[in-house]
Amino acid sequence: MSDLQEILERSSSWHKHLCPRQVLGARIGLAGAAALGLELPRKDKRLLVFTETDGCFTSGVEAATGCSVRHRTLRVVDYGKTGATFVDVKTETAVRLTLQLDIRQKACAYAPEERKHYYAQLIGYQRMPISELLTIQPVRLSTPVSQIVSRAGVRVNCAICGEEIINEREVLRNGQLICQACAAPTYYEPEELLFALGETAVSFTLPSMTAKPR
């Protein structure tokens, strides 16, 4: 099992500083794997992690576990919560770890030498026992692991926008396979696009997806 200080050094090297959220991510990463009985850091794909926020917290989780977006072993589900779910892909056992609500106040008691709350949390989160820092709850994924991970090489084109869909993320709607962006409201809306061609530019506006038949 990795040493906490080594993990924090790794995480802080990505940010050029160490912050309390990185500490929380590192400790949740260690505790989540321990709850599943898995050694860290992982160099395989047996551990799958869902973090419920992004940023520094997720860096701490990644540094502790070895899981990452680039390896398809870490996924961000942005609920705006400092929590994460850890899944043993082999057994599909899963646990969700969240912070106890009073940890900011408790952290100060574990770092009495620090007068500023920020630094008290930075040190206190490293010293607090897991029982006072985290809540660990067994959970069940709403989607099977095999469906989340998908199969390599599976590709289809959306029947509406024509874009390629990988990892079996298509949706069957009225007998057609379509992408999730065409199936439901998405995080973007098409606007005018500019394509630079040497010293000239060609512009056009894509039709609104909401105007397309479903």
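GNM on the chain, alpha-carbon springs under 10 angstrom: the most fluctuating residue among Arg115, Arg72, Arg96 is Arg115. Under 5 Å from the amide H of Arg42 lie the amide H atoms of Gly66, Cys67, each residue being 5 or more positions distant or on a separate chain, with H modelled from the backbone and absent for Pro and chain starts.
When GluC sites (Glu not before Pro) are flagged only if DSSP places them in a loop and at most 15 other Cβ atoms lie within 10 Å, the longest unflagged stretch of the chain comes out as 40-91.
Could you sort out which of Lys45/Lys106; Lys81/Lys106; Lys43/Lys106; Lys81/Lys116; Lys16/Lys116 sit more than 29 Å apart by Cα distance in this structure? From Lys45/Lys106; Lys81/Lys106; Lys43/Lys106; Lys81/Lys116; Lys16/Lys116, over 29 Å: Lys45/Lys106; Lys43/Lys106. When +1 charges are put on Lys and Arg Cβ atoms and -1 charges on Asp and Glu Cβ atoms, the dipole computed for the chain relative to its Cα centre reaches about 500 debye.
Restricting the calculation to Cα atoms, the chain shows an Rg/Rh of 1.09 when the hydrodynamic-style radius is the Kirkwood one. Counting only chymotrypsin sites (Phe, Trp or Tyr not before Pro) that DSSP places in a loop and that have at most 15 other Cβ atoms within 10 Å, the longest clean stretch of the chain runs over 80-186. Amide H contacts under 5 Å for Gly83: Glu52, Thr53, restricted to partners 5 or more places along the chain or on a different chain, H placed in the peptide plane at 1.01 Å from N. Here the translational diffusion coefficient of the range 19-103 follows from Stokes-Einstein with Rh set to the Kirkwood radius across Cα pairs; for 10 °C and 1.306 mPa s it amounts to 129 µm²/s. Given a Förster distance of 45 Å, report the FRET efficiency between Val149 and Lys116 from their Cβ-Cβ distance, rounded to the nearest 0.05. For R0 = 45 Å, the calculated efficiency reads 0.55. Summary value for the range 1-123: 25 percent relative contact order, contacts being C-alpha pairs under 8 angstrom separated by 6+ residues.
Only helices enter the 222 nm calculation for the chain: every DSSP H run of n ≥ 4 contributes -39,500 (n - 2.57), and dividing by all residues gives -9500 deg cm²/dmol, rounded to 500. Label-to-label distance, Arg70 versus Asp3, with points set 7 angstrom from Cα along the beta-carbon direction: 2.5 nm. The angle separating the long axis of helix 56-65 from the principal Cα axis of greatest extent in the chain is about 80 degrees.
Axis angle, to the nearest 10 degrees, between helix 117-127 and the longest C-alpha principal axis of the chain: 80 degrees.
Computed from label points 7 Å out along Cα-Cβ, the spacing between Val156 and Thr91 is 3.5 nm.
Since every read-out is calculated from the coordinates, none of them should be taken as a lab result. The structure displayed is predicted, hence computed values, not measured ones. Don't worry about glycine lacking a Cβ; one is built from the backbone with ideal geometry, like all the others, and counts go over all protein chains shown.
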